[in-house]
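Here the structure comes first, spelled out in structure tokens, and everything after it is commentary.
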Amino acid sequence: MMALLWLGVVVAASFGLGRRLLRAGRVAFATAPEELAWSIALGMGFMGMVLFGLGVAGLLYRELILALTVLASILSLPEFERWFARSKTAWLRGDAEDAGGTEFAAESSRKTSRFIGVSLVLAGVAVVAALLGALVPPTAGDALCYHLELPKVYLAQHRITYLPDSANSTYPLLMEMLFLWGLALDGGVLAQLFHWLVGLLLASATFCLAAPVAGRRVAWLATAIVLLVPGVTN
């Protein structure tokens, strides 16, 4: 349960950071879901870069990471308020029939609607199953060898350092920086939940990409298909 609570804090912090970066770059989105997904994703990436910088500087202390996360989540509250106010009037502007979905909607039958509905239900089952799997303590070989082992070593040494006996330490440290974030806040389960969160962001990106092109109905189907791909749920 604590890991899920911390995941909520991480999402809030990431959203606040990402939305500020988007506004600073004058990047605007047509729909609220697009803005939400991109803000969270960008904020996570930015926090990963911050943690990498702290590692290079020898400042990887749990207390500092905890303080930065809590501060970022608190500062995200005004951003959530602004986003919610906007989303009430433009939640899915430019959807379905506005951008190519008219023909599909006209030709769709009850059978097609049921198929989409069943697909979404199965996708929901896959999401819940993946969540339950992520809540189990990590046992995967790669996770214990380097995905979580390297961040654990860096946290223990308070810096990103060269490990001559670990070839894996020479790989690009991309998701490992987010795993480090999870380990610093709570532990291995929270680190695994980052994968689950990224899966939801992938599904959101699929919907946002498909909706303006093919309409909302096709977008929901595409989202369900993505979530049901074994490699994604795994």
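The values are calculated or read from the model by the stated rules, or taken from the named source; none is laboratory data. Everything quoted here is computed from the prediction, not taken from an experiment. Cβ placement follows ideal geometry from the backbone for every residue including glycine, while neighbour counts extend to all protein chains displayed. Remember, those area values only see protein heavy atoms, side chains included, never the ligands or the DNA or RNA. Shrake-Rupley method; radii C 1.70, N 1.55, O 1.52, S 1.80 Å.
It is to be established whether one or more residues within region 174-190 are in a helix (DSSP H, G or I), modelled with pLDDT under 90 and loosely packed, with under 15 Cβ neighbours inside 10 Å. Looking for residues that are in a helix (DSSP H, G or I), modelled with pLDDT under 90 and loosely packed, with under 15 Cβ neighbours inside 10 Å, one finds none in region 174-190, hence no. As a summary of the residue check, Pro164 satisfies the conditions (1) over 19 Å from the mean Cα position of the chain (by Cα); (2) in contact (Cβ under 8 Å) with a residue 12 or more places away in the chain; (3) not in a helix (DSSP H, G or I) except for the one numbered (2). Among the residues of region 66-78, the ones that are open to solvent by less than 30 Å² (accessible area, probe 1.4 Å) and in a helix (DSSP H, G or I) come to 3 in all. In this structure, does Met47 turn out to be surrounded by fewer than 15 Cβ atoms within 10 Å (Cβ to Cβ) and of a type in the set (A, V, I, L, M, F, W, C)? Answer is no for this residue.
Scanning region 1-39 for residues that are part of a loop (DSSP other than H, G, I, E, B) and not basic (Lys, Arg), we see that the one that is least open to solvent (accessible area, probe 1.4 Å) is Thr31. Scanning region 217-227 for residues that are closer than 20 Å to His195 by Cα and open to solvent by 70 Å² or more (accessible area, probe 1.4 Å) gives a single hit, Ile225. Considering (1) in a helix (DSSP H, G or I); (2) in contact (Cβ under 8 Å) with a residue 40 or more places away in the chain; (3) loosely packed, with under 11 Cβ neighbours inside 10 Å; (4) not acidic (Asp, Glu), the lone condition that Ser119 does not fulfil carries the number (3).
Across region 151-158, a minimum of one residue is classified as open to solvent by 40 Å² or more (accessible area, probe 1.4 Å), more than 17 Å from Thr223 (Cα to Cα) and in a loop (DSSP other than H, G, I, E, B).
Among the residues of region 1-49, which ones are under 11 Å from the mean Cα position of the chain (by Cα) and among the aromatic types (Phe, Trp, Tyr)? Listed by number, the residues that qualify are Phe15, Trp38.
Residues of region 199-218 that are touching a residue at least 24 places away in the same chain (Cβ under 8 Å) and either in contact with a strand residue (DSSP E or B) (Cβ under 8 Å, 6 or more places away or on another chain) or under 17 Å from Trp38 (Cβ atoms) (or both): Gly199, Leu200, Leu201, Leu202, Ala203, Ser204, Ala205, Phe207, Cys208, Ala211, Pro212. Does Val198 satisfy being open to solvent by 50 Å² or more (accessible area, probe 1.4 Å), of a type in the set (Val, Ile, Thr) and in a helix (DSSP H, G or I)? Judged against the criteria, Val198 is a match.
When Ser87 is tested against (1) among the hydroxyl-bearing types (Ser, Thr, Tyr); (2) under 30 Å from Ala224 (Cα atoms); (3) modelled with pLDDT of 90 or more; (4) under 21 Å from the mean Cα position of the chain (by Cα), only condition (3) is not met. Against the test of being open to solvent by 60 Å² or more (accessible area, probe 1.4 Å), modelled with pLDDT of 95 or more and over 14 Å from the mean Cα position of the chain (by Cα), the options Glu97, Glu81, Glu63 yield a single qualifying residue, Glu63.
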